[in-house]
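Student: Please read through the structure below; I'll follow up with questions.
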Amino acid sequence: MENEIRQQIDALRSDILSALAAAPDAAALEEVRLKYFSKNGLIAPVMEKVGSAPKELRPVLGRLVNEFKATVNPAFEERKNAFAAAAETAGIDATLPGRPVPVGSLHPIYAARDRAIGIFRRLGFALADGPDIETEHYNFDALNTPKDHPARNEGDTFYLADRALRHGLSKDDASAAKEGRLLLRTQTSPVQIRVLEQLAASGKQPPVRIVAPGRCYRRDEIDATHGIAFHQMEGLVVDEGVSLADLKGTLELFFRELLGEDLKFRFRPHFFPFTEPSFEVDASRPGNQVKGREWLEICGCGMVHPKVLANAGIDPERYTGFAFGFGIERIAMMVHQVNDLRLFGENDVRLLSQLSPKV
Ligand code: DAH
């Protein structure tokens, strides 16, 4: 009996191993499983025989069965795994497009700034900048702003209490007194003074032709066209014989290039302490209304006040200049037809991804 069972088990093992080796695919493997391994398969009756064999044969037969299982079960699993892996590889379609990976892009405010810089560069302007933390001297006094000008109010300007921040701005107490209190600059115009002072200090003379983009701060009421932290771009041209015609020509060329040929302008007389005469530029474009108004103020400008030139050490008898400053948020509003600048600050990627050029 022992021999008979041993032979049956051996025969079964070699049948199963050759059937497994011969199975060409998963379907054939399934047939092998049903034929041998299932409840009604060919292994079951042999196991039954072992189960009903006389007690004294059980240890020997048990060992045979264990050896048998240790051979055929792993052989079956191996084939099964091989077919599964093959099926997975076969499922890859190399012609499918890749999954998109979201890529960040420049914020619309900075994209607008960079476009503006690009246009001015082509017109021969250089880049300049100055600190966000300024002094009363640069932000107001040197720009010919009267001591009682309303913009100096604590209700309009952020003043800083920390004298430690003065570090690097002035060397000693005397110049600190001259420079006045520290504040967050309310405009980029102080860069005009810094640029002209540096020029005079390095023994050079005009021509000067710069633009200075940067962040500005005001204690304003926040609404669709005002923020408390915003961006401006300052422009300054100083040379012999610079005229109002140069100012108008430069700004019209710039804004048309930036915002389109169909842009309409008007130069409205205005007042700024650091220019004389001074103007505000309003722009209008068909279909682009903010707060229901046709005209949007986009720029302040004028001929540099002789006192400003003199304050910075430039001879106003010999040189004249023009200056301008505009809000970059307002420009971005026109570029993107967005009618509320607060949207730019919310950092909602659904909006930003529609407005930003992909880089
Ligand atoms: N600094 C002014 C402002 O923030 C804008 C401005 C007006 C700048 C006239 C200028 C200028 O350079 O000439 O409202």
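Computed from the coordinates by the stated procedures, all read-outs in this text should not be read as laboratory data. From a predicted model like this one, the values you see are computed outputs, not experimental measurements. A quick note on method: Cβ atoms are made from the backbone with ideal geometry, for glycine too, and the neighbour counts reach across all protein chains shown.
Student: Based on DSSP H runs of at least 4 residues, each adding -39500 (n - 2.57), what is the mean residue ellipticity at 222 nm of the chain after dividing by all its residues, to the nearest 500 deg cm²/dmol? Kindly include the intermediate steps, with their values, before the conclusion.
Tutor: Details: 13 runs with 150 residues, N = 359.
Value at 222 nm, helices only: -13000 deg cm²/dmol.
Student: Rounded, prolate or oblate: which one fits the stretch 1-49, using the alpha carbon gyration tensor with axes a ≥ b ≥ c (rounded when a/c is under 1.5, else prolate when a/b beats b/c, else oblate)?
Tutor: Working: a/c = 5.85, a/b = 1.77, b/c = 3.31.
It is oblate, given that a/c is not under 1.5 and a/b is not larger than b/c.
Student: Using the Kyte-Doolittle scale, find the helices of the chain whose mean hydropathy is at least -1.0 and whose Cα atoms extend 20 Å or more along the helix's long axis, counting only whole DSSP H runs. Before the final figure, lay out the partial values.
Tutor: Values: long enough: 2-22 (30 Å, -0.14); 58-90 (47 Å, -0.24); 108-122 (21 Å, -0.21); 244-259 (22 Å, 0.64).
Answer set is 2-22, 58-90, 108-122, 244-259.
Student: Next question, about the same structure. Which residues among the stretch 36-77 fall inside the zone where the amide N is under 12 Å from a point 7 Å beyond the Cα of ASP15, along Cα→Cβ?
Tutor: In the stretch 36-77, the label zone of ASP15 (backbone N under 12 Å from the point 7 Å along Cα→Cβ) covers 36-37, 41-47.
Student: Of GLY203, THR188, LEU12, which is farthest on the positive side of the dipole of the chain, counting Cα position, with +1 on Lys and Arg Cβ, -1 on Asp and Glu Cβ, and the Cα centre as origin?
Tutor: So the residue furthest toward the plus end is LEU12.
Student: Check each of the chymotrypsin sites (Phe, Trp or Tyr not before Pro) in the stretch 102-160 and keep only those in coil by DSSP with at most 12 other C-beta atoms within 10 angstrom; list them in order. List each step's numbers first, then the result.
Tutor: Details: sites: TYR110, PHE120, PHE125, TYR138, PHE140, PHE158, TYR159; in loops: PHE125, PHE140, PHE158.
Sparse-neighbourhood loop chymotrypsin sites (Phe, Trp or Tyr not before Pro): none present.
Student: If you filter the stretch 22-81 for trypsin sites (Lys or Arg not before Pro), then keep DSSP loop positions with at most 16 other Cβ within 10 Å, what is left? Mind dumping the intermediate values first?
Tutor: On the way: sites: ARG33, LYS35, LYS39, LYS49, LYS55, ARG63, LYS69, ARG79, LYS80; in loops: LYS39.
Those satisfying the criteria are LYS39.
Student: Taking the Cα centre of the chain as the origin, how large is its charge dipole in debye, to the nearest 20, when only Lys and Arg (+1) and Asp and Glu (-1) carry charge on their Cβ atoms? Don't jump to the answer; show the numbers that get you there.
Tutor: Working: 45 positive and 50 negative charges, 120 e Å.
I would put it at about 580 debye.
Student: At a 10 angstrom cut-off on C-beta neighbours, averaged per residue, how do the peptides 294-305, 213-224 rank from highest to lowest?
Tutor: Numbers: 294-305: 20.8, 213-224: 15.7.
Order by mean packing, descending: 294-305, 213-224.
Student: To continue, here is another question. Quick one: dipole size for the stretch 218-263, taken about the Cα centre, charges +1 on Lys/Arg Cβ and -1 on Asp/Glu Cβ, in debye to the nearest 20.
Tutor: On the way: 4 positive and 11 negative charges, 36 e Å.
With only Lys, Arg, Asp and Glu charged at Cβ, the dipole is about 180 debye.
Student: Taking H as built 1.01 Å from N, whose amide H comes closer than 5 Å to the amide H of PHE279, not counting residues under 5 places away?
Tutor: It is HIS270, CYS301, GLY302, by chain and number.
Student: From Cα pairs below 8 angstrom and at least 6 apart in sequence, can you work out the relative contact order of the stretch 2-89, rounded to a whole percent?
Tutor: RCO, the stretch 2-89: 39 percent.
Student: Which shape class, rounded, prolate or oblate, goes with the chain when its Cα gyration tensor gives a ≥ b ≥ c as root eigenvalues, a/c under 1.5 marks rounded, and past that a/b bigger than b/c marks prolate?
Tutor: prolate
Student: Once the dipole of the stretch 2-89 is set up with Lys and Arg at +1 and Asp and Glu at -1 on Cβ about the Cα centre, which of ASN81, PRO45, LEU29 lies farthest towards its positive end?
Tutor: It is PRO45.
Student: Report the charge-dipole magnitude of the stretch 204-359 in Debye, nearest 20, computed about the Cα centre from +1 at each Lys and Arg Cβ and -1 at each Asp and Glu Cβ. The partial results should precede the final answer.
Tutor: Details: 19 positive and 22 negative charges, 46 e Å.
Computed charge dipole of the stretch 204-359: roughly 220 debye.
Student: OK, next. Relative contact order of the stretch 252-359: what whole-number percent is it, with Cα pairs under 8 angstrom and at least 6 residues apart?
Tutor: Numbers: 141 pairs, mean separation 20.5, N = 108.
Value for the stretch 252-359: 19 percent.
Student: For the residue pair ALA87 and HIS149, what label-to-label distance in nm results when each label sits 7 Å from Cα along the Cα-to-beta-carbon direction?
Tutor: About 7.9 nm separates the two model spin labels.
Student: With an 8 Å cut-off on Cα pairs and a minimum separation of 6 or more residues, tell me the relative contact order of the chain in percent. Mind showing how you got there, number by number?
Tutor: On the way: 516 pairs, mean separation 59.2, N = 359.
Relative contact order comes out at 16 percent.
Student: Highest first, please rank the peptides 82-89, 331-338 by the mean number of other Cβ atoms sitting within 10 Å of their residues. Walk me through the numbers before you get to the answer.
Tutor: On the way: 82-89: 11.1, 331-338: 20.2.
Top of the packing list down: 331-338, 82-89.
Student: Please compute the Cα-Cα pair-distance distribution of the stretch 1-104 with 5 Å bins starting at 0, giving whole percents from short to long.
Tutor: Per 5 Å bin, starting at zero, the Cα-Cα P(r) for the stretch 1-104 comes out as 2, 10, 18, 17, 13, 9, 7, 6, 4, 3, 3, 3, 2, 1, 0, 0 percent.
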